[in-house]
Amino acid sequence: MAPEHKKKPKQFLRLSKRSLIQETVDRVLSLFPFERICVVIVRGQAELIREHLPEIPAKNILEEIARYMPELCRAGRILE
């Protein structure tokens, strides 16, 4: 069986009690509330993000339209 780090993208790995993405959001919370935090993900990670960051509103979880083109995702969000 493959180790955890071979199965999951690195932002979902746990180096402590919390995953890297959770620790990142913890640091940002000193500046912004959950409602103002947006997360840009690649396709196929929505379920993992919701599992790790259930406090982030679903409308703030942005899936990239095309890999390596997050600016298109951000532009789409701005136009909403």
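The values are calculated or read from the model by the stated rules, or taken from the named source; none is laboratory data. Because the structure is predicted, anything quoted here is derived from the model rather than measured. FYI the Cβ positions are ideal-geometry reconstructions off the backbone, even for glycines, and counts take in every protein chain you see.
Annotations
- Residue list for region 14-41, filter: surrounded by 14 or more Cβ atoms within 10 Å (Cβ to Cβ) and part of a loop (DSSP other than H, G, I, E, B): I37, C38
- Only residues that are loosely packed, with under 11 Cβ neighbours inside 10 Å and either touching a Lys or Arg at 6+ places or on another chain (Cβ under 7 Å) or modelled with pLDDT of 90 or more (or both) were counted in region 56-80, giving 2.
- Candidate set from region 44-55 (those that are in contact (Cβ under 8 Å) with a residue 12 or more places away in the chain and closer than 12 Å to P9 by Cα); member that is surrounded by the fewest Cβ atoms within 10 Å (Cβ to Cβ): L48
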